[in-house]
Amino acid sequence: YEIYEINRYNLLPSFVTVDSLMHTYHLYFSYLLKNIERDYLADAVSQLGERMLASSAAQYEQLAGTEWENAAMRNVAFFGVGAKLLDDSAEAPGYAAQTVLQELDRIRLADDIYLSEITGDYEDYSQYIPRGYYEGDARLTRYFQAMMWYGRIHFSLEKEELTRSALLITQALCADPAAKELWDAVYAVTSFFAGASDDMGVCEYAPLLSAAYGDAMTVSDLPGKPEAFQQFLSMAASLPRPRINSIPIEDGDEN
């Protein structure tokens, strides 16, 4: 403002670029998103994580002793980490507690790239350092780390065990109307502000799940049906691949 005022008194013209409009828009955008995330989305993501943790634990109880056991256990740990990041009182069952603790320690240390205990792939834990308006606000810091966790940990289609986990997550979310409503509410807002995800997710996997196992499928329908799972894998392989790589690669590796 002072520069414009000095120019006015000195009878000097000011050349105003579009930057000033963009900067004003960005300030408003950040202010609006910050308040929405702190006052609404943080609670919704916390509730969603707790519901998915409970659903994943229930799936594990049903699938213990089957070829789906490890995938179900992985999901319990996955949602155990996400729930714990937002709420210290959240607790994962004992069989997943150690994995949750290891992942939380790496997220809080946030100093290097390590193999994730969840996926077995490398994860850049420095990405969990809060930045921008997330820094300095305890509630927003928790939300930032939880959303980074849910957004960065991938269940790659190239690994059948990870795809089993993705399938179980899809089934759990679609079988719980309250959880699905929470997910829809969060995704509607985040995709409006930041754009839709280019990773395959529940929107893409749910129709394939119904096609492979039937509309009325339950968790008990999964074990002992390798043909249906292979059909799911085949259909998923035909879906568009993501365009953005967020998995650490070495110099010289094919991106």
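The values are calculated or read from the model by the stated rules, or taken from the named source; none is laboratory data. All figures in this text were calculated on a predicted structure; none of them were measured in a lab. When we count neighbours, we look across all protein chains shown, and the Cβ atoms used for this are built from the backbone with ideal geometry, even at glycine. Heads up: the accessible areas ignore ligands, DNA and RNA and are worked out on the full protein's heavy atoms, side chains in. Shrake-Rupley method; radii C 1.70, N 1.55, O 1.52, S 1.80 Å.
Against the conditions (1) open to solvent by 30 Å² or more (accessible area, probe 1.4 Å); (2) touching a helix residue (DSSP H, G or I) at 6+ places or on another chain (Cβ under 6 Å), VAL100 satisfies every one except (1). Do the conditions hold for GLU117, that is, is it free of Cβ contacts under 8 Å to residues at least 40 places away in the same chain, open to solvent by 20 Å² or more (accessible area, probe 1.4 Å) and not polar (S, T, N, Q)? Spelling it out, it is not the case that GLU117 is free of Cβ contacts under 8 Å to residues at least 40 places away in the same chain, open to solvent by 20 Å² or more (accessible area, probe 1.4 Å) and not polar (S, T, N, Q). Test each condition in (1) open to solvent by 70 Å² or more (accessible area, probe 1.4 Å); (2) farther than 21 Å from GLU161 by Cβ; (3) touching a strand residue (DSSP E or B) at 6+ places or on another chain (Cβ under 9 Å) for TYR122 and report the one that comes out false. The failed condition is (2). Restricted to region 91-102, and to residues there that are of a type outside the set (Ser, Thr, Tyr) and part of a helix (DSSP H, G or I), the residue that is nearest to the chain's Cα centre (by Cα) is VAL100.
Tell me, which residue of region 70-82 that is under 16 Å from the mean Cα position of the chain (by Cα) and touching a residue at least 60 places away in the same chain (Cβ under 8 Å) is nearest to GLN59 (Cα to Cα)?
Going residue by residue through region 70-82, those that are under 16 Å from the mean Cα position of the chain (by Cα) are 74-82.
Subsequent filtering for residues that are touching a residue at least 60 places away in the same chain (Cβ under 8 Å) retains 74-75, 78, 81-82.
Details: ARG74: 11, ASN75: 9, PHE78: 14, VAL81: 17, GLY82: 18 Å.
The selected residue is ASN75.
Answer yes or no: is there a residue in region 188-202 that is within 21 Å of GLU69 (Cβ to Cβ), among the aliphatic types (A, V, I, L, M) and open to solvent by 30 Å² or more (accessible area, probe 1.4 Å).
Start the filter on region 188-202 by keeping residues that are within 21 Å of GLU69 (Cβ to Cβ), which leaves none.
Scanning region 188-202, I find no residue that is within 21 Å of GLU69 (Cβ to Cβ), among the aliphatic types (A, V, I, L, M) and open to solvent by 30 Å² or more (accessible area, probe 1.4 Å), so the answer is no.
Do you know which residues across region 59-90 are of a type in the set (D, E, K, R) and open to solvent by 60 Å² or more (accessible area, probe 1.4 Å)? Within region 59-90, GLU61, GLU67, ASP88 qualify.
Restricting the search to region 2-58, which residues are among the charged types (D, E, K, R), at pLDDT 95 or above and open to solvent by 90 Å² or more (accessible area, probe 1.4 Å)?
Selection gives ARG51 alone.
Is it true that some residue in region 238-245 is more than 20 Å from the chain's Cα centre (by Cα) and either open to solvent by less than 80 Å² (accessible area, probe 1.4 Å) or of a type in the set (A, V, I, L, M) (or both)? Checking region 238-245: not a single residue is more than 20 Å from the chain's Cα centre (by Cα) and either open to solvent by less than 80 Å² (accessible area, probe 1.4 Å) or of a type in the set (A, V, I, L, M) (or both).
When the residues of region 235-255 are filtered to those that are touching a helix residue (DSSP H, G or I) at 6+ places or on another chain (Cβ under 9 Å) and in a helix (DSSP H, G or I), the one that is farthest from ALA188 (Cα to Cα) is MET235.
Looking across region 152-177 at every residue that is open to solvent by 40 Å² or more (accessible area, probe 1.4 Å) and touching a helix residue (DSSP H, G or I) at 6+ places or on another chain (Cβ under 9 Å), the one that is nearest to LEU115 (Cα to Cα) is identified as HIS154.
For residues in region 103-114 being free of Cβ contacts under 8 Å to residues at least 24 places away in the same chain and either open to solvent by less than 40 Å² (accessible area, probe 1.4 Å) or in a loop (DSSP other than H, G, I, E, B) (or both), which is nearest to ALA42 (Cα to Cα)?
First pass over region 103-114, keeping only residues free of Cβ contacts under 8 Å to residues at least 24 places away in the same chain: 104-106, 108-112, 114.
Narrowing further to those that are either open to solvent by less than 40 Å² (accessible area, probe 1.4 Å) or in a loop (DSSP other than H, G, I, E, B) (or both): 104, 110-112.
Working: LEU104: 18, ALA110: 21, ASP111: 25, ASP112: 26 Å.
Here the answer is LEU104.
Restricting the first member to region 205-231 and to residues that are free of Cβ contacts under 8 Å to residues at least 60 places away in the same chain, and the second to residues that are exposed (fewer than 15 other Cβ atoms within 10 Å of the Cβ) and in a helix (DSSP H, G or I), the beta-carbon pairs closer than 7 Å and six or more apart or on different chains are TYR213/ASP221.
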